[in-house]
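Chemist: This is the structure I have questions about; it appears just below.
Only the coordinates and a few stated rules stand behind these numbers; no lab work does. From a predicted model like this one, the values you see are computed outputs, not experimental measurements. Note that each Cβ is placed from the backbone with ideal geometry, even for glycine, and that neighbours are counted across all protein chains shown.
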Amino acid sequence: MNRGYAVLLTVSSLFCAQAFPQSYPVKPIRIIVPLAAGGSLDQAGRMLAEKMTPSLGQSVYVENRSGASTDIGVGTLARSAPDGYTIGMVPVGSVATGTLVRKLPYDPIKDLAPISGVSKSGLVIVTSGSSPYRNLADVIADAKKRPGEVSFGSAGIGSSHHLAGELLRMMANVDLLHVPYKGSSEANVAVVAGQINLAISGAAGSMTLMRSGKLRALAATDSKRIPGLPDIPTVGETVPGYAGGAGGLSLFAPGGTPMEIINRLNTEVVRILKLPDVLERLAKTGEDADPTTPAELGGLLRAEIEKWTNLVKTTGLKLQ
């Protein structure tokens, strides 16, 4: 091979390598949502799909893959081709707690590539609008009288919603019955129907039912009151020292996705989360925009896994 031909091949290879990410995307992009339609994770995914479609010049659509406490949907994402055409909404807290209670069908650090945080939504403990519970103290008093009979629904075993309930059970010294669902929206429907007493859900996904009076929020699980729901007390105001955390919704790609594509998608998400109408939509549902760099999101995932692992070890909290 002569030197001139070798140089030509090198330049050609570099051009192709640069042109590939620049031409992305050339076909529709799928956003996997690992919970049932209607919840805050689904709403966030559909909002991104709506805003990304015109700017990327390709159809971006949501595919709900619920079940197994997000393992089915996130597992599908992790096994997808790392080409930028399958991305997914991931509740970081649920993935982090999932590592404690079951063998995940993927490695959250190796098999998922962080793109950006999307929103932070406080978790709330809700009951039916016709429930006799007026506050969290009523729930605790009833649970002490009827051990194992007061039930709470969550987005699934090992979800951040579930862990928040288990922490309440331990710190308030009450025996609550956990009922897992495929998503917060299903748990909320069960509360409205009178099938369970309580649900721990994302504030965003519960807002419509709360405004209609079908659900009543009793407490927020974070250490601070939710900005969009300032009249709702925290659990810690009734159970001192309690801090179950807030729900963080984020966008990931399969592990191994080229950084050029990750950065392109990150730019899109960050741009979208600065749009006035998006900020207004998030505020109405009690959420805050949470744009991050890929590195920051990866650090958050690792920190969440470490936090919940240490909590379970030091408190002896039982999750099954």
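Chemist: Considering only PHE252, GLY205, VAL239, whose Cα is most displaced toward the positive end of the charge dipole of the range 198-320, charges sitting on Cβ of Lys, Arg (+1) and Asp, Glu (-1)?
Modeler: VAL239
Chemist: Could you check the spin-label model distance between GLU296 and ASP83? Points 7 Å from the Cα along Cα→Cβ, value in nm.
Modeler: 3.2
Chemist: Could you list the trypsin sites (Lys or Arg not before Pro) in the range 243-320 that lie in coil according to DSSP, counting only those with at most 15 other Cβ atoms within 10 Å of their Cβ?
Modeler: LYS274, LYS318
Chemist: Starting from the Kirkwood Rh over alpha-carbon pairs, what translational D in µm² s⁻¹ does the range 128-215 have by Stokes-Einstein at 10 °C and 1.306 mPa s? It would help to have the intermediate numbers written out before the result.
Modeler: Values: Rh = 12.9 Å.
In µm²/s, the coefficient is 123.
Chemist: Please work out the Cα center distance from the range 150-213 to the range 268-308, rounded to the nearest Å.
Modeler: 23
Chemist: Continuing with this model, one more query. With a bin width of 5 angstrom, please list the P(r) values of the range 39-194 as percents of all Cα-Cα pairs, from the 0 bin to the one holding the largest distance.
Modeler: Values per bin, smallest distances first: 1, 8, 16, 19, 18, 13, 10, 7, 4, 2, 1, 0.
Chemist: Right, another one. Evaluate 2.2 N^0.38 Å with N set to the residue count of the chain, then give the Cα radius of gyration divided by it.
Modeler: 1.08
Chemist: Please list, or write none, the aspartates and glutamates whose alpha carbon is within less than 12 Å of the alpha carbon of LYS103, excluding same-chain residues fewer than 8 places away.
Modeler: LYS103 reaches ASP71.
Chemist: Now for a separate question. Can you say what percent of the DSSP beta bridges in the chain, counting only those with both residues inside, are antiparallel? Round to 5.
Modeler: That works out to approximately 60 percent antiparallel.
Chemist: Hey, another quick one. Output ³J(HN,Hα) for the range 283-296: one whole-Hz value per residue in order, computed from phi by the Karplus curve 6.51 cos²θ - 1.76 cosθ + 1.60 with θ = phi - 60°, and x for Gly and Pro.
Modeler: Per residue, the Karplus-derived 3J(HN,Hα) values read 4, 5, 9, x, 10, 10, 5, 9, x, 9, 7, x, 5, 5 Hz.
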